[in-house]
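This report concerns only the one structure given below.
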Amino acid sequence: MAEAMTVSDVKKHVRVYLIVFGSLLLLTLVTVAVSYFDMPLGPALAVALVIAMVKGSLVALYFMHLKGEKRVIMWVLAFAAAFLIGMFVLFIASLLDQEMVAVLLRVT
Amino acid sequence: MELLIPYEVTPRRDTGVNNAKLGIWLFLASEVMLFGGLFAAYIFLRMGADAWPGMETFDTHEMATRADQVLSVPLATLNTVILIASSVTMVLSWASLKMDNFKGFRLHMGLTILLALGFLVVKAFEYGSKFSHHVGPDTNIFLGIYFVLTGLHALHVTGGIIVNAYFWGPGTRMWLSGNERDKAHFTNRIEIAGLYWHFVDLVWIFLFPMIYLV
């Protein structure tokens, strides 16, 4: 976030914060309402994750000022994201591997 | 002689940001891995479980087929709203300082702390209702990961309350000194504390649907 901000800049920011607040409340209602539809796990998970990602992005971009943040911060986050994705891939790959082993054991 | 630490509020030429900001983002990156690891554990446990949540409901004593039959979605929704509101008041407290409005800062920071305490009270009710049914983290895998994830998050909320309470109370000395450099320093501290607080909100935004709703 730029250090040199005028009062009118900050006032504009405040308006944005309140709009983001309203959007987050609305999305919270949507995610709870959707959960009452009793969807199968796959689609339910997908919808919940998409809404959570939209909400999370709003918080990160506007409240945490990632929008317009310096490149070095983006690199730190990209680094963390790469490790996070790597960890999930390892976990899921090992799960799929176990399932494959189980299927093979059943066949033989 | 006063020891001056460079780049505490002014950006470094090579990184383009001040050291405090880079520091908090490095810390938050490590936090991403901490919670990410537990999320991965949650997925692993859930995919490997024969039944989820794998326990009886408290009222009908039939096997629950969804997590929301044993957890309180209304209370968790209320807590989601509380935490989002506290994120807004936190960012408004920083904006108040940017507008040289100390009273506004005190008000919004005070609200942030109260909302955070409210979150913990609701959480205590939630935990209490589990304990009153004689179930806890040792009951089954579902409750085990539920208590670990929400408990670690609640610890983060508690840490945030302590830091924010310091900045609401004794920490304001820095602003009240009236020295422009100290005021800029204090505003920066609030922005950094805010980054942590928004992260705590962000974690809950993922925890809530994953544990309670899906």
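The values are calculated or read from the model by the stated rules, or taken from the named source; none is laboratory data. What you see is a predicted model, and the numbers here were worked out from it, not measured in a lab. Reconstructed Cβ throughout: ideal geometry from the backbone, glycine too, with neighbour counts over all protein chains shown. Only protein heavy atoms, including side chains, enter the accessible area calculation; ligands, DNA and RNA are left aside. Shrake-Rupley method; radii C 1.70, N 1.55, O 1.52, S 1.80 Å.
At a glance:
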| quantity | calculated |
| --- | --- |
| Cβ pairs under 8 Å, 6+ apart, first in the range B:31-53 and farther than 24 Å from residue B:156 by Cβ and at the interface with chain A (Cβ under 10 Å from one of its Cβ atoms), second assigned to a helix (DSSP H, G or I) and among the basic types (Lys, Arg) | B:52/B:46 |
| Single condition residue A:44 does not satisfy, out of (1) of a type in the set (A, V, I, L, M, F, W, C); (2) closer than 21 Å to residue B:198 by Cβ; (3) facing chain B (nearest Cβ under 7 Å); (4) out of contact with any Asp or Glu (no Cβ under 8 Å at 6 or more places or on another chain) | (2) |
| Hits in the range A:61-80 - residues which are more than 9 Å from chain B (Cβ to nearest Cβ) and either among the aliphatic types (A, V, I, L, M) or open to solvent by less than 50 Å² (accessible area, probe 1.4 Å) (or both) | A:61, A:66, A:74, A:78 |
| Residue A:24 being at the interface with another protein chain (Cβ under 7 Å from one of its Cβ atoms), in a helix (DSSP H, G or I) and surrounded by 17 or more Cβ atoms within 10 Å (Cβ to Cβ) | yes |
| Any pair with Cβ under 6 angstrom, 6 or more apart, that starts in the range A:45-71 at a residue that is at positive phi and ends at one that is surrounded by fewer than 20 Cβ atoms within 10 Å (Cβ to Cβ) | A:65/A:1 |
| Among (1) more than 22 Å from the chain's Cα centre (by Cα); (2) among the hydrophobic types (A, V, I, L, M, F, W, C); (3) more than 8 Å from every other protein chain (Cβ to nearest Cβ), the one test that residue A:7 misses | (3) |
| Qualifying position, being more than 10 Å from chain B (Cβ to nearest Cβ) and in a helix (DSSP H, G or I), among A:58, A:105, A:95 | A:105 |
| Answer from B:58, B:44 - the residue that is farther than 29 Å from residue A:70 by Cα, open to solvent by 40 Å² or more (accessible area, probe 1.4 Å) and either of a type in the set (Asp, Glu) or part of a loop (DSSP other than H, G, I, E, B) (or both) | B:58 |
| Subset of the range A:27-49 [assigned to a loop (DSSP other than H, G, I, E, B) and either open to solvent by less than 60 Å² (accessible area, probe 1.4 Å) or of a type outside the set (Phe, Trp, Tyr) (or both)] | A:38, A:39, A:40 |
| Unmet criterion (only one of (1) under 22 Å from residue A:28 (Cβ atoms); (2) surrounded by fewer than 19 Cβ atoms within 10 Å (Cβ to Cβ)) for residue B:133 | (1) |
| Qualifying residue in the range A:6-13 (condition: outside any helix (DSSP H, G or I) and farther than 15 Å from residue B:205 by Cα) | yes |
| Residue satisfying condition, being touching a Leu at 6+ places or on another chain (Cβ under 7 Å) and either part of a helix (DSSP H, G or I) or buried (at least 19 other Cβ atoms within 10 Å of the Cβ) (or both), within set B:162, B:145 | B:145 |
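To keep it simple, each residue is scored yes or no on (1) in a loop (DSSP other than H, G, I, E, B); (2) in contact with a His (Cβ under 9 Å, 6 or more places away or on another chain).
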| site | (1), (2) |
| --- | --- |
| B:5 | yes, no |
| B:14 | yes, no |
| B:24 | no, no |
| B:28 | no, no |
| B:39 | no, no |
| B:50 | yes, no |
| B:79 | no, no |
| B:83 | no, no |
| B:91 | no, yes |
